[in-house]
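Down below is the structure, laid out as structure tokens.
The values are calculated or read from the model by the stated rules, or taken from the named source; none is laboratory data. Since we're looking at a predicted model, the values are computed, not measured. Please note: Cβ atoms are built from the backbone with ideal geometry, for glycine as well, and neighbour counts cover all protein chains shown. In case anyone asks, the SASA skips ligands and DNA or RNA and just uses the protein heavy atoms, side chains included. Shrake-Rupley method; radii C 1.70, N 1.55, O 1.52, S 1.80 Å.
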Amino acid sequence: MNEITTKILDQIPSNVKFSEEDADVLIRNKDKLLEWEDGLIQGFYDSVFNHDTTRAVFTEGERPAREQTLRDWYQRTLNGPFDDSYWEWQTYVGLVHIKRKVNNAMVTGMWGWIATYLSSKALEEFPQDEALKLVKAVHALQANVTALIVESYLKNMFVAIDKAAGLNEALLGRLVATEIDDMLANAKS
Amino acid sequence: MTKQEQLDQLIKDLRMNVPDITGVMVASSDGLSIASDFPEEEGARIAAVGAAASGLGNRIAQNASLGEVSETMVKGNDGLLLIYMTGEEGVLAIRAPAKGNLGLVRLEASGACESVKKILG
Ligand code: HEM
């Protein structure tokens, strides 16, 4: 796995991280989960297009292509495998999102929607035991994928700043450290 | 002498040779103060912004095809800060009055840079 992906995933406590068990439960139920695809795509893009700031990300007529992007992502996820290239792809999404100004609030907000949608479907359509395993798998997937997209968004911003302005991440950290106490004091008052 | 003592001595020597100088700092290239006689409350910030100015100076030089950077200078009405790279890992920052003997400061700075490189290297 590439360095940035490994470093990000290493930050997540192992009992919370997406596991072999989570992968099994998604893959063994994939036929049912794929039946929910249309609802997922429709609901996701209805939310995104019904809100000014998220709608503003897209160009005129772009919705069908982006729906296809999400479909491809969903299918690739459920078909597995959850190998290095899958996780590296999620890291890459953070970079694509920088280019398209899809910020982290948008991503974490919409992941909340995806997790709620899939969890409610699971609870409606599966026996309780399996449904709870699915809910856990979806939340662990959310933990890994949002961590990768959101953190790589931030880390790649630092890389771009370093490339453009010669300020590496350690130095940026130091600059932040010189201001953080004053900022905290101001935020409290 | 330890590295730290050698750097402290180098700062003292610079201050003695050029009394105009009002502060000297050696910092890591990621902005951590290593040796300094700036007042403590200024030190951490000057180390961080000094390293940042040096990094930015390098990028400006690359983008504007200026060749290798020998000095980055910030000049204000009340004084100036000269920043030098000392190898890959360090920077030397010197504060002097705006109307001081800049030639002498630069001469001493160039010798000091070589010494810092040797000490840190
Ligand atoms: C919530 C979870 C999200 C996931 C899992 C996700 C996933 C992806 C993926 C897989 C890509 C394609 C990367 C590639 O080229 O291989 C992508 C691109 C993109 N996403 Fe997201 N995304 C999410 C949220 C969002 C949101 C909330 C928005 C907008 C408000 C958004 C807008 C975009 C745009 C505009 C692109 C660029 C497409 C292009 O220019 O090719 N995404 N995303």
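For chain B, relative contact order (Cα pairs under 8 Å, six or more residues apart, normalised by length) works out to 28 percent.
Taking Cα centre as origin and charging only the Cβ of basic (Lys, Arg, +1) and acidic (Asp, Glu, -1) residues, the dipole magnitude of the protein assembly as shown rounds to 740 debye. Rg and Dmax, both from the Cα atoms of the stretch A:16-153 and both in Å, are 14.7, 44.
Along the positive direction of the dipole of the stretch A:15-112 (beta-carbon charges: Lys, Arg +1; Asp, Glu -1; about the Cα centre), which of A:Gln75, A:Gly43, A:Val96 reaches farthest? Checking the options against the dipole of the stretch A:15-112, the answer is A:Val96.
Taking the inverse of the mean 1/r over every pair of distinct Cα atoms in chain B gives a Kirkwood hydrodynamic radius of 14.2 Å. Taking every residue in B:42-49 and counting other chain Cβ atoms within 10 Å of its Cβ, the average works out to 3.
Under a Gaussian network description of chain A, with springs only between Cα atoms under 10 Å, the residue in A:Asn168, A:Asn103, A:Asn29 that fluctuates furthest is A:Asn168. Ignoring aspartates and glutamates fewer than eight residues from B:Lys12 along the same chain, the ones with Cα atoms less than 15 angstrom from its Cα are B:Asp20, B:Asp37, B:Glu108. Among the protein heavy atoms, those of A:Met157 account for about 70 Å² of accessible surface (1.4 Å probe, every chain in place). The solvent-accessible area of A:Arg100, taken with every protein chain present and a 1.4 Å probe, is close to 80 Å². With Rh defined as the Kirkwood radius, the inverse of the mean 1/r over Cα pairs, the Rg/Rh of the protein assembly as shown is 1.15.
Computed with a 1.4 Å probe over protein heavy atoms only, the accessible surface of the protein assembly as shown comes to 55 Å² per residue.
Relative contact order for chain A using alpha-carbon pairs under 8 Å, separation at least 6, rounded to a whole percent?
Values: 136 pairs, mean separation 62.8, N = 189.
With pairs under 8 Å counted, the relative contact order is 33 percent.
Only one residue of A:Ala115, A:Phe158, A:Ser85 has its Cα farthest out toward the positive end of the dipole of the protein assembly as shown, where Lys and Arg carry +1 and Asp and Glu -1 on Cβ, and that residue is A:Phe158. Taking 0.36 nm per residue of sequence separation and removing the Cα-Cα distance, the B:Asp8/B:Leu32 pair yields an extension gain of 7.1 nm. Using only the Cα atoms of the stretch B:37-80, each taken as one equal point scatterer with no solvent, compute I(q) by the Debye sum, divide by I(0), and report log10 of the ratio at q = 0.21, 0.29 Å⁻¹. With one equal scatterer per Cα and no solvent, log10 I(q)/I(0) is -0.78, -1.03. Extent of the stretch A:129-189 along its three principal axes (Cα atoms, max minus min coordinate, largest first): 51, 36, 13 Å. Can you grab the distance from the C-alpha centre of the stretch A:90-139 to the C-alpha centre of the stretch A:58-89, Å, no decimals? Measuring centre to centre over Cα atoms gives 13 Å. Under a Gaussian network description of chain B, with springs only between Cα atoms under 10 Å, the residue in B:Leu92, B:Leu80, B:Leu56 that fluctuates furthest is B:Leu56. In a DSSP loop and with at most 14 other Cβ atoms within 10 Å, the trypsin sites (Lys or Arg not before Pro) in the stretch B:47-121 are B:Lys99. Rounded to the nearest 20, the size of the Cβ-charge dipole of the stretch A:16-153 about its Cα centre is 440 debye, with Lys and Arg at +1 and Asp and Glu at -1.
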